[in-house]
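To keep things clear, I will list the structure first and then write my remarks on it.
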Amino acid sequence: MSALSSALPDFPWDLLEPAKAIAAGYPGGIVDLSVGTPVDPVPASVRQALADASDSPGYPLTAGTPRLRAAIAGWLARECRASGELGVLPTIGSKELVAWLPTLLGVGPGDVVVIPSVCYPTYEVGVRLAGAEVIRADSLTAIGPDRRVKLIWINSPSNPTGKVLPVEHLRKVVDWARERGVTVVSDECYVSLGWDTTPVSVLADEVTGGDYTGVLAVHSLSKRSNLAGYRAGFVAGDPALVGELLAVRKHAGMIVPAPVQAAMVAALTDETHVAQQRARYASRRDTLRSALVKAGFEISFSEAGLYLWATRDEDCWVTVDRLARRGILAAPGAFYGPAAARHVRIALTASDERVAAAADRLAEPLTD
């Protein structure tokens, strides 16, 4: 037997442990702005729905309950302006789907998957798990005439950069892919968090006109509803592709627990808590952005999402070390691709008190 893990890169967050230890030793404790894990409360209505469904002795439905499927479709129609007949499927968060999607769709050795030049590391992990080849590219011309391309990932708003792709770009990618029989998968986990612009879903009528052939969108409730601990996500789009995913996932036992499915219905049918959480993040974003700029950072993109993409035009690990010595932990751009080696990712997911502490520390000179 050969160890599958040998085909995978080092787990990035393990590489951050030395900097984390330095930051933890700072007077007043660490301000962890690296991972981006939610810290605010789960909405009361969602918790109540989870509790009410906790007596669930039977097996849940892999396809999701009728109520959940209706809630997902309704949310996509309202918030993503998707008016066509969608296939929808709940997933165990979004990371497991990203990691296994190429495999579940039959991508394998000899095939190519295109991912953004700077992106979430799990896209590449998923390609390696499938035994396929990765191409990092942000433009269709950079891909060239390679007929081995089977799947293309896009991510808007981007993690880590916060860049938002315009409607015209999304439409061009979809048209290009359809001409070649390539599947387009759009990671839209941050679509509810636009700041300087309003993100558009690949499923929006402006992009697909209600025809989802060859197109999938991945969504998560981790950020918009603070449900990272619930592992609640979904995929939607081409009914044929969603049907294929369902058929394989039923065999593999990839099932969202019944109480979590009930909690998802509550979260997807209430936008009040989303607006409240957006306001929290907006305030923290303003505080951190101002402090970073005053400290000599340039903020790139960061039009949407939960992060500020910042640079001092130096190696990202040098920046990580400088911040760690002031008790602030950031994610190095190197985690997200070779083209990101001079940036760091600053998460907005810390309490108001910790964000204020970070701002105070950034007022100190960032010298060795």
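The values are calculated or read from the model by the stated rules, or taken from the named source; none is laboratory data. Because the structure is a prediction, the values reported are computed rather than measured. Counting neighbours? That spans all protein chains shown, and the Cβs are built from the backbone with ideal geometry, glycine included.
Of the helices (runs of 4 or more DSSP H) contained entirely in the range 60-151, those carrying at least 3 residues that are closer than 29 Å to A263 by Cα and modelled with pLDDT of 95 or more fall at 66-79, 95-104, 122-130.
Taken over the range 317-353, the criterion of being within 20 Å of V39 (Cβ to Cβ), surrounded by fewer than 19 Cβ atoms within 10 Å (Cβ to Cβ) and of a type outside the set (G, A, S) is satisfied by D352, E353. Does S34 meet the test of being at pLDDT 95 or above, under 13 Å from A330 (Cα atoms) and surrounded by 13 or more Cβ atoms within 10 Å (Cβ to Cβ)? Criteria met by S34.
In the set (1) touching a Leu at 6+ places or on another chain (Cβ under 7 Å); (2) not in a loop (DSSP other than H, G, I, E, B), the condition left unmet by V202 is number (2).
The residues listed here are A263, A236; of these, the one that is small (G, A, S), assigned by TED's automatic domain parsing to the domain that holds V185, more than 25 Å from V118 (Cβ to Cβ) and touching a Phe, Trp or Tyr at 6+ places or on another chain (Cβ under 7 Å) is A263. Pairing each residue of the range 136-152 that is touching a residue at least 40 places away in the same chain (Cβ under 8 Å) with any residue that is among the small types (G, A, S), provided the two are 6+ apart or on different chains, yields C-beta distances under 8 Å for R136/S117; R136/G337; R136/A339; K150/A132. Within the range 18-28, none of the residues are assigned by TED's automatic domain parsing to the domain that holds R278, buried (at least 16 other Cβ atoms within 10 Å of the Cβ), small (G, A, S) and within 21 Å of the chain's Cα centre (by Cα).
Go through T213, T197, T287 for me and flag whichever is in a helix (DSSP H, G or I) and of a type outside the set (D, E). Explain how you work it out, then say what you get.
Numbers: T213 fails: in a helix (DSSP H, G or I); T197 fails: in a helix (DSSP H, G or I).
Being in a helix (DSSP H, G or I) and of a type outside the set (D, E) holds for just one of T213, T197, T287, which is T287.
Within the range 41-81, restricting attention to residues that are without any contact (Cβ under 8 Å) to a residue 60 or more places away in the chain and surrounded by 13 or more Cβ atoms within 10 Å (Cβ to Cβ), the residue that is farthest from the chain's Cα centre (by Cα) is A70. A350 - would you say it is small (G, A, S), at pLDDT 95 or above, touching a Leu at 6+ places or on another chain (Cβ under 7 Å) and in a loop (DSSP other than H, G, I, E, B)? Criteria met by A350.
Can you tell me which of S158, S186 is under 30 Å from A341 (Cα atoms), in contact with a helix residue (DSSP H, G or I) (Cβ under 8 Å, 6 or more places away or on another chain) and either at pLDDT 95 or above or assigned to a loop (DSSP other than H, G, I, E, B) (or both)? Break it down into steps so the answer makes sense when it comes.
On the way: S158 fails: in contact with a helix residue (DSSP H, G or I) (Cβ under 8 Å, 6 or more places away or on another chain).
One residue alone meets the criteria, S186.
Sort through A339, A358 and tell me the only one that's under 30 Å from I115 (Cα atoms) and either small (G, A, S) or outside the structural domain of G28 (by TED's automatic domain parsing) (or both). After applying the criteria, what remains is A339. The set of residues from the range 220-237 being out of contact with any Gly (no Cβ under 6 Å at 6 or more places or on another chain) and either without any contact (Cβ under 8 Å) to a residue 24 or more places away in the chain or not small (G, A, S) (or both) comprises L221, K223, R224, N226, L227, Y230, F234, V235.
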